[in-house]
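Laboratory data are not the source of any read-out in this text; all were calculated from the coordinates shown. From a predicted model like this one, the values you see are computed outputs, not experimental measurements. Ideal geometry is used to build each Cβ from the backbone, glycine not excepted, and the neighbour counts take in all protein chains shown.
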Amino acid sequence: MRDHVKQNGSDRRAYLLRLLKSNREPITGSELAKRTNVSRQVIVQDISLLKAKNHPIIATSQGYLFLSQSDSTTKQRVIACQHQLEDTQKELNIMVDCGAVVKNVTIDHPIYGELTGSLMIKNRLEVAHFIEKLKETNAPLLSTLTEGVHLHLIEAPTEDILNTVCSALAEAGYLL
């Protein structure tokens, strides 16, 4: 069902911003296009314009997400990992099973410098969705550019959970 018939660009972007702010879960570009009665490409352009105006919107593998102010009680840590492509699902499952959110992945590219991909993966269902999308698109992981070496920004309610994630990844042989 479409929420609006036809809007001008400014009104549509204001609507997209309200919609993203009011949802804690990502919304796909296709869903946003349906709701605004425009093409997905128009949504991509609208999101780019909103980002250019410093609205904290990220594109994840599950869709677009508005980043609200981080809860000051959550803890974050950057961890360095290395593994084979076929171990990606196991690595992500270890982190979410311990109670962490995998916020992103970063590599240090020899030409472009730091490249970061937003993930925002919180549970096994989202891990499975990410792996499924990886297989469907046949897209390479960022870590394939760095012989499997990559960083993750992880977030959890406590330092103990972050420590547990690191211990579990070290035990699996993924932590550098």
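Contact map, the stretch 82-99: residues that are under 20 Å from LYS122 (Cα atoms) paired with residues that are β-branched (Val, Ile, Thr) and surrounded by fewer than 17 Cβ atoms within 10 Å (Cβ to Cβ), Cβ distance under 6 Å, separation 6+ or inter-chain. Pairs shown: GLN89/ILE131. State the number of residues belonging to the stretch 121-141 that are surrounded by fewer than 16 Cβ atoms within 10 Å (Cβ to Cβ) and assigned to a helix (DSSP H, G or I). Result for the stretch 121-141: 10.
Here the stretch 149-174 is the region considered, the condition is being closer than 15 Å to THR88 by Cβ and more than 19 Å from the chain's Cα centre (by Cα), and the residue that is surrounded by the fewest Cβ atoms within 10 Å (Cβ to Cβ) is GLY173.
Here GLU114 meets each of (1) touching a residue at least 24 places away in the same chain (Cβ under 8 Å); (2) part of a strand (DSSP E or B) with one exception, condition (1). Scan the stretch 89-118 for residues that are touching a Ser or Thr at 6+ places or on another chain (Cβ under 8 Å) and under 20 Å from ALA156 (Cα atoms) and jot them down. Passing the criteria: CYS98, GLY99, LYS103, ASN104, VAL105, THR106, THR116, GLY117, SER118. The residues of the stretch 61-87 that are under 23 Å from ASP108 (Cβ atoms), β-branched (Val, Ile, Thr) and surrounded by fewer than 19 Cβ atoms within 10 Å (Cβ to Cβ) amount to a single one, VAL78.
I'm checking my understanding of the structure. Among residues of the stretch 29-46 that are in contact (Cβ under 8 Å) with a residue 24 or more places away in the chain and more than 17 Å from ASN8 (Cβ to Cβ), which one is farthest from the chain's Cα centre (by Cα)? That would be LYS34.
Report every pair of residues separated by at least 6 positions or lying on different chains whose Cβ atoms are under 6 Å apart, first residue within the stretch 147-158 and farther than 15 Å from GLU86 by Cα, second part of a strand (DSSP E or B) and charged (D, E, K, R). Every condition considered, the pairs that remain are LEU153/LYS103; ILE154/ARG77; GLU155/LYS103; ALA156/LYS75.
Of all the numbered requirements in (1) farther than 15 Å from PRO26 by Cβ; (2) surrounded by 14 or more Cβ atoms within 10 Å (Cβ to Cβ), GLY113 misses one, and that requirement is (2).
Would you check if there is a residue in the stretch 18-31 being among the aliphatic types (A, V, I, L, M), farther than 26 Å from ARG124 by Cβ and surrounded by fewer than 18 Cβ atoms within 10 Å (Cβ to Cβ)? Break it down stepwise before answering.
The initial filter retains those residues of the stretch 18-31 that are among the aliphatic types (A, V, I, L, M), namely 19-20, 27.
Keeping just the survivors that are farther than 26 Å from ARG124 by Cβ gives 19.
With the extra rule that they be surrounded by fewer than 18 Cβ atoms within 10 Å (Cβ to Cβ), the set shrinks to 19.
Yes, that holds for at least one residue.
So, in the stretch 155-176, of the ones that are in a helix (DSSP H, G or I) and among the charged types (D, E, K, R), which residue ends up farthest from ILE121 (Cα to Cα)? Filtering first and then ranking leaves GLU171.
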